[in-house]
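The values are calculated or read from the model by the stated rules, or taken from the named source; none is laboratory data. Please read these numbers as outputs of a predicted model, since none were measured by experiment. Cβ placement follows ideal geometry from the backbone for every residue including glycine, while neighbour counts extend to all protein chains displayed. To get the accessible areas, we keep the full protein, side chains included, count just its heavy atoms, and leave off ligands, DNA and RNA. Shrake-Rupley method; radii C 1.70, N 1.55, O 1.52, S 1.80 Å.
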Amino acid sequence: MLVSTHRARLLRLVTFSTGDQDLAETVVQDCFLKAYRARESFRGDCSVSTWLYTIALNVMRDYQRLQKPHFWKSAGLTAVDLTDASSALASQEPSPETRMLAGEQANRVQLALKSLSPKQRIVFIMRFLDEMELQEISATTGMPLSTVKTHIRRAMKAVRSRLGGAQ
Amino acid sequence: MTPHLTDEQVADYLSGESVKTTETHLAECAACRGEIDRLRASLRAFDQASMAWSEARIGSEPVSKPGRVFSRMQSGWRPLAAGTLAAATAIVFTLLFTVHHRRLSADGNVRASNISDSTAEIERDNLLLRAIDEELDSLDLSPSKMYGISSTGDDPYTRRRSGLRSTP
């Protein structure tokens, strides 16, 4: 139950922040293995989601130390094909035109993520996709709250610019 | 009307860190409201598409796909699993053989013929070996005689020729 609830979100966070789908699956597996081994130490002073995210970020740091030159793949983000996934929106969007527009919007945000730094990607996904509170992001990533806000502002500026809406 | 929202104000507003001046401006500026709505729609589209992709990716994984992590996890019980599989296979074959054997046993003639066939077969083999021996003796094809080597009687050729099968 724990796995099925959180695995998809974790996989998305790691995939779209590292740009490497295969590595992301390994990281997520490692994350759940570490979580299972450390389940006794979970004190409940944060949500399970935050706890798992913290473990996943630590696993990512471990992998980053092992293979730093190849870890963050901004170009690899294009390898994630959201075209098929956009068809999954069929039941949620009323018309083919709206579905097509939603697919284009999703792809443009994905391309915009390429221009962000790894930390900006992580914070952006946590805030705008996983809807985590700023304080929660700060606790999970270990960044000061002011740093989290700065990353969010810069990330949103870059995304907004890529989407063609910056004024 | 106040100037349009800056990137920081837009980011703060979408992050839930809104201030009164931002809300006041949005109340009177359709362009900025449209910009906020457009950004929200893009984020929602990416949220839904990326989540659908992630769920599909998980759903498409083979159930028993062993990754690096699973390889480490399985290393402890892999020999046990292999042993269990071998034991299960042996049990299945034993059961199949037993069922088959009982079916044959139900027919007494079949069982008796199996035993008599075995004894008769050994006897036939021995007769054949003796006939071959006699034939070879009559031809006098011993290598020791052919190449003028004196035979001690215990050379491998002689020993091999005397090896008849014994009945159980």
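Before moving on, here are some points about what is shown:
- Peptide ranges A:42-55, B:16-29 listed from the most packed, as the mean C-beta count within 10 angstrom indicates: A:42-55, B:16-29
- Within the shell defined by Cβ-Cβ distances under 12 Å, the residues around B:SER42 carry a net charge of +2, with Lys and Arg each +1 and Asp and Glu each -1.
- Buried between A and B is an accessible area of approximately 3900 Å², summed over both sides with a 1.4 Å probe.
- Extension gain from B:SER118 to B:ALA87, taking 0.36 nm per residue of separation minus the Cα-Cα distance: 8.1 nm
- Shielding score for A:53-66, defined as the mean number of other chain Cβ atoms within 10 Å: 0
- Heavy-atom accessible area, probed at 1.4 angstrom with all protein chains present, ranks A:GLU104, A:GLU97 as A:GLU97, A:GLU104, highest first.
- Counting Cβ atoms of other protein chains within 10 Å of each residue's Cβ and taking the mean over peptide A:26-38 gives 2.
- Minimum 50 Å² accessible area buried by the other protein chains, segment A:122-167 residues, probe 1.4 Å, relative to alone: A:PHE128, A:LEU129, A:ARG153, A:MET156, A:ARG160, A:LEU163, A:GLN167
- Shielding value for B:2-15 is 5, the average number of Cβ atoms from other chains within 10 Å of each residue's Cβ.
- Rounded accessible area of B:ILE122 (nearest 10 Å², 1.4 Å probe): 10
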